[in-house]
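Written out below as structure tokens is the structure these notes cover.
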There are 2 protein chains.
Amino acid sequence: MSSPNVSVPHRRTRSDHASETAEDYVEAIAEIVEERGTCRVVDLATRFAVTHVTVSRIVARLVSLGLVETEPYQPVRLTEAGRKLAKRSKHRHDIVYKFLLALGVPAKTAAIDTEGIEHHVSPETLKRFEDFTARATAD
Amino acid sequence: MSSPNVSVPHRRTRSDHASETAEDYVEAIAEIVEERGTCRVVDLATRFAVTHVTVSRIVARLVSLGLVETEPYQPVRLTEAGRKLAKRSKHRHDIVYKFLLALGVPAKTAAIDTEGIEHHVSPETLKRFEDFTARATAD
DNA sequence: GGGTGATTGTAGCCATGGCTACGGATTAAA
DNA sequence: TTTAATCCGTAGCCATGGCTACAATCACCC
Ligand SMILES: [Mn+2]
Ligand SMILES: [Mn+2]
Ligand SMILES: [Mn+2]
Ligand SMILES: [Mn+2]
């Protein structure tokens, strides 16, 4: 919002992609911890359909970003900052998903499309999504 | 659709990103040719707010993909395949943009969000966008 | 204690898309 | 015809996110 960057359309798209991995990973970690109690590298590899090597390197970057804590051969834990980001990401994710459902998109397709769309929805657009879903659901 | 790939949400998102550059570039080339008669590397660099080096390398890949033709120091031209992709991309882009407008998103924000969202909208979702816009505009 | 399978780490490769620095080509003016 | 500006190419750097191959660690059972 501050930098003139984000007012050039493609710049904003690129900047969205830069934060995308962090958002998806902390969200996934929070979900997996919720389900299984702990989250291991393998769980993330399965979730994202990539190898454990890819996950390890991304997790290392999340550590350097202060979103995640790890010890060798131990499960992955979120920091407080990580939990906050996860919460915000999940919130936005849910709004987008429910919006697509309210629009009449089949659940499976909605789940898939949401995973990409969520990162490109500005606060303003998100608000319109919310409003629409609220009205459509009011019946 | 064919591969089991695209049914894993994040795999589809990644595959969307793989085609994203090609789509945006051929679309931009078509637009710039429309406006100025020809499209040079510099025009694309301005459009995407990157250096001419980045553009050159991406254009080289588009050539190898059969979407674009170039000669040294000459303007960039679309092949027939490039024009077709540009047309499809623009069509989808327009539907997403008009949909956001119909939803009540301000034009500037809609333009920015569209640039990212368009690549993650499945045919099914696109159809719902179209339907919504048609009804909202019918008043 | 030893063996085995699952998990994690590490080395090293590739493609993509950013960049700076610099040099060659084209074009238009002087 | 020289000069200057603009445009383009090339070399070489970086970060990210994929991968395979292999080594180390851990957990658990025998
Ligand atoms: Mn998500
Ligand atoms: Mn996502
Ligand atoms: Mn785009
Ligand atoms: Mn995207």
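For the reader, a short list of remarks on this structure follows.
- Residue count, the stretch A:112-139 (criterion: without any contact (Cβ under 8 Å) to a residue 24 or more places away in the chain, within 16 Å of ligand 4 (Cβ to nearest atom) and over 15 Å from A:His91 (Cβ atoms)): 3
- Candidates are the residues of the stretch A:25-62 that are within 13 Å of chain B (Cβ to nearest Cβ) and touching a His at 6+ places or on another chain (Cβ under 7 Å); the one that is farthest from ligand 2 (Cβ to nearest atom) is A:Ala45.
- Residues in the stretch B:61-84 that are under 15 Å from the mean Cα position of the chain (by Cα) and either free of Cβ contacts under 8 Å to residues at least 12 places away in the same chain or not in a loop (DSSP other than H, G, I, E, B) (or both): 7 in all.
Okay, residues lined up against (1) among the small types (Gly, Ala, Ser); (2) part of a loop (DSSP other than H, G, I, E, B); (3) over 17 Å from the mean Cα position of the chain (by Cα):
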{"position": "A:Asp43", "(1), (2), (3)": "no, no, no"}
{"position": "A:Val50", "(1), (2), (3)": "no, yes, no"}
{"position": "A:Thr54", "(1), (2), (3)": "no, no, yes"}
{"position": "A:Ile58", "(1), (2), (3)": "no, no, no"}
{"position": "A:Ala86", "(1), (2), (3)": "yes, no, no"}
{"position": "A:Lys90", "(1), (2), (3)": "no, no, no"}
{"position": "A:Glu115", "(1), (2), (3)": "no, no, no"}
{"position": "A:Arg128", "(1), (2), (3)": "no, no, yes"}
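- Residue within the stretch A:118-126 that is within 24 Å of B:Ser15 (Cα to Cα) and away from every other protein chain (no Cβ under 11 Å) present: no
- Scan the stretch B:1-24 for residues that are loosely packed, with under 12 Cβ neighbours inside 10 Å and either farther than 21 Å from A:Asp16 by Cα or at pLDDT 95 or above (or both) and the total you get is 4.
- In the stretch A:96-117, residue surrounded by the fewest Cβ atoms within 10 Å (Cβ to Cβ) [restricted to those that are within 13 Å of ligand 1 (Cβ to nearest atom) and either β-branched (Val, Ile, Thr) or more than 7 Å from chain B (Cβ to nearest Cβ) (or both)]: A:Tyr97
- Sub-9 Å Cβ pairs linking a first residue in the stretch B:1-17 that is closer than 14 Å to B:His119 by Cβ and more than 10 Å from DNA strand D (Cβ to nearest atom) to a second residue that is at pLDDT 95 or above and among the acidic types (Asp, Glu), at least 6 apart or interchain, are B:Arg12/A:Asp113; B:Arg12/A:Glu115, ordered by first then second residue.
- Any chance B:Thr79 is within 13 Å of another protein chain (Cβ to nearest Cβ) and at pLDDT 95 or above: no
The values are calculated or read from the model by the stated rules, or taken from the named source; none is laboratory data. Model, not experiment: these values are computed from the prediction. Methodologically, a virtual Cβ is constructed for each residue, glycine included, from the backbone with ideal geometry; neighbour enumeration extends over all protein chains shown.
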